[in-house]
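Data first, discussion second: the structure below is written as structure tokens.
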Amino acid sequence: MTSASHTLLDPETNDVSHSLLEDILAILVGTLLVAFGVAMFKQAGLLTGSTAGIAFLIHYQSGIPFGVVFSLINVPFYWLAVKRMGWAFTIKTFVAVSLLSLFSGLHAQFAHFGPLDPFYSGLVGGLMMGMGFIALFRHKASLGGINILALYLQDRHGIRAGKLQLGVDLLILLASLFMVSVPALLGSILGALALNMVIGFNHRPDRYIAM
């Protein structure tokens, strides 16, 4: 059963429609989950892939806050988002990127970690970030950068978003081979696998149908 307050399926576009409140809650929850995973990775000295991975590399090398770097890297990708995905997607993505930049700093003020095992952090942090991405993807938002490219290629050419993300993530991790210890590198790879496994298994538009 569906009602005006529930998720609806547009009969013309075969697309899922959400209310404004549902979009707001999903973006808040999704960015909070991703930001918490980022905080775990940072504490354990891990790296991740995609745009966040590039931001981590610059942050570690320069000391510039992760949130500032992440926001700046995403600026060029908003053009592709507007051109290929539309204004609604771009606005949601801009909000999500801004919230992640904010939350990545706030988590450090409220959550204080002791030493974290790199494999535990990679697995749990990766799973949390993956679920955060799913919340954003299902409400037609992303965290910019490679996410925009992955969603565009999946929608237009049928290339699974999870597979593309995994390939890019592994390339970034390999590029950072000499920046982290072997345990941290292995934990980072485990995190990338966990994150993209969640996306690959769950981001299936053909299965996401309102009931």
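The values are calculated or read from the model by the stated rules, or taken from the named source; none is laboratory data. Remember, it's a predicted structure, so these values are computed and weren't measured experimentally. Counting neighbours? That spans all protein chains shown, and the Cβs are built from the backbone with ideal geometry, glycine included. Side chains included, ligands, DNA and RNA excluded: accessible areas come from the protein's heavy atoms. Shrake-Rupley method; radii C 1.70, N 1.55, O 1.52, S 1.80 Å.
Scanning segment 1-33 for residues that are polar (S, T, N, Q) and modelled with pLDDT under 90 turns up 2, 3, 5, 7, 13, 14, 17, 19. The residues listed here are 196, 147; of these, the one that is under 13 Å from the mean Cα position of the chain (by Cα), of a type outside the set (Val, Ile, Thr) and at pLDDT below 75 is 147. Can you tell me which residue is nearest to the chain's Cα centre (by Cα) among those in segment 116-128 that are more than 30 Å from residue 155 (Cα to Cα) and surrounded by 14 or more Cβ atoms within 10 Å (Cβ to Cβ)? The qualifying residue nearest to the chain's Cα centre (by Cα) is 121.
To keep it simple, each residue is scored yes or no on (1) in a helix (DSSP H, G or I); (2) surrounded by 19 or more Cβ atoms within 10 Å (Cβ to Cβ).
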{"position": "21", "(1), (2)": "yes, no"}
{"position": "25", "(1), (2)": "yes, no"}
{"position": "29", "(1), (2)": "yes, no"}
{"position": "33", "(1), (2)": "yes, yes"}
{"position": "42", "(1), (2)": "yes, yes"}
{"position": "48", "(1), (2)": "no, yes"}
{"position": "53", "(1), (2)": "yes, yes"}
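Could you please find all residues in segment 116-153 being free of Cβ contacts under 8 Å to residues at least 24 places away in the same chain and within 16 Å of residue 202 (Cβ to Cβ)? 150 - this is the single residue of segment 116-153 that is free of Cβ contacts under 8 Å to residues at least 24 places away in the same chain and within 16 Å of residue 202 (Cβ to Cβ). For the residues 63, 37, the requirement of being at pLDDT below 85 and open to solvent by less than 70 Å² (accessible area, probe 1.4 Å) singles out 63.
Residue 80 - would you say it is under 30 Å from residue 17 (Cβ atoms), at pLDDT below 90 and either within 16 Å of the chain's Cα centre (by Cα) or acidic (Asp, Glu) (or both)?
Values: under 30 Å from residue 17 (Cβ atoms): yes; at pLDDT below 90: yes; either within 16 Å of the chain's Cα centre (by Cα) or acidic (Asp, Glu) (or both): no.
Criteria not met by residue 80.
In the set (1) in contact with a helix residue (DSSP H, G or I) (Cβ under 9 Å, 6 or more places away or on another chain); (2) open to solvent by 30 Å² or more (accessible area, probe 1.4 Å); (3) more than 16 Å from residue 165 (Cβ to Cβ), the condition left unmet by residue 153 is number (3). Report yes if residue 73 is touching a residue at least 40 places away in the same chain (Cβ under 8 Å), of a type in the set (Val, Ile, Thr) and touching a helix residue (DSSP H, G or I) at 6+ places or on another chain (Cβ under 7 Å), otherwise no. Judged against the criteria, residue 73 is a match.
Just name the residue that is farthest from the chain's Cα centre (by Cα) out of those in segment 90-115 that are open to solvent by less than 40 Å² (accessible area, probe 1.4 Å) and touching a residue at least 60 places away in the same chain (Cβ under 8 Å). Ranking the candidates gives 111 first.
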